[in-house]
1. Starting from the 7 Å offset along Cα-to-Cβ, what nm value, one decimal, do you get for the label separation of residue 167 and residue 97?
2. In nanometres, what is the gap between the two model label sites at residue 89 and residue 109, each 7 Å from Cα along Cα-to-Cβ?
3. How big is the gap, in Å, between the Cα center of the stretch 142-205 and the Cα center of the stretch 69-115?
4. With each pseudo-label sitting 7 Å past Cα toward Cβ, what's the residue 187-residue 205 distance in nm, one decimal?
5. To two decimal places, what compactness ratio does the stretch 75-205 give when its Cα radius of gyration is scaled by 2.2 N^0.38 Å?
6. Which order do the peptides 102-115, 72-85 come out in when sorted by mean C-beta neighbours inside 10 angstrom, highest first?
7. How high is the relative contact order of the stretch 66-158? Use alpha-carbon pairs under 8 Å, at least six apart in sequence, and give a whole percent.
């Protein structure tokens, strides 16, 4: 017969064996392995239209009903205040060096340097739908085509409606139609004109 101490020892041994047999393994994972981070979202067409973005709008086709045609060619330097609004600096330069006949009798050829400029600004307001943006822009521009030989300058006040579509996040094509009041000859000559243009737009931040 077994003694009481022997029976107790055998019972403890059997209980310990059963506990080990039913224990579930614990997966501690690979120590020090970083958790996977989500993949970055792809850049969209709205990437350029944020505060601080600077852009150039370069017209490659334009037409105007104003007397003398469209006048000086201009470019737009755009600075975004937010995704809905931008300031537009409108500027252009005309510099020409050429020979012409004067009014002497007989006419004599003379060399002339002609300098003109256009300078103004606008406030562009955007709304967007998918990859297509529309905008309206009131503007005011002073244009003086020939500062050396003419005292005539023109003030253009008006606005334009345009559409802009991105080809890449930082390159777009836009078209605009506008109506303007042109004041010349010390505001004695006032003309209402329309204009249209197509432009390539480059942006960076």
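None of the figures in this text is laboratory data; all of them are computed from the coordinates on show. Computed from a prediction, not measured in an experiment: that's the story for all the values here. Glycine also receives a Cβ, built like all others from the backbone with ideal geometry; neighbour counts cover every protein chain displayed.
1. Placing both labels 7 Å along Cα→Cβ, they lie 3.4 nm apart.
2. Going from the residue 89 label point to the residue 109 one covers 4.0 nm.
3. 13
4. My value for the distance between the label points is 4.4 nm.
5. Relative to the 2.2 N^0.38 Å estimate, the stretch 75-205 comes out at 1.35.
6. With the highest mean Cβ count within 10 Å placed first, the list reads 72-85, 102-115.
7. Contact order relative to length: 23 percent.
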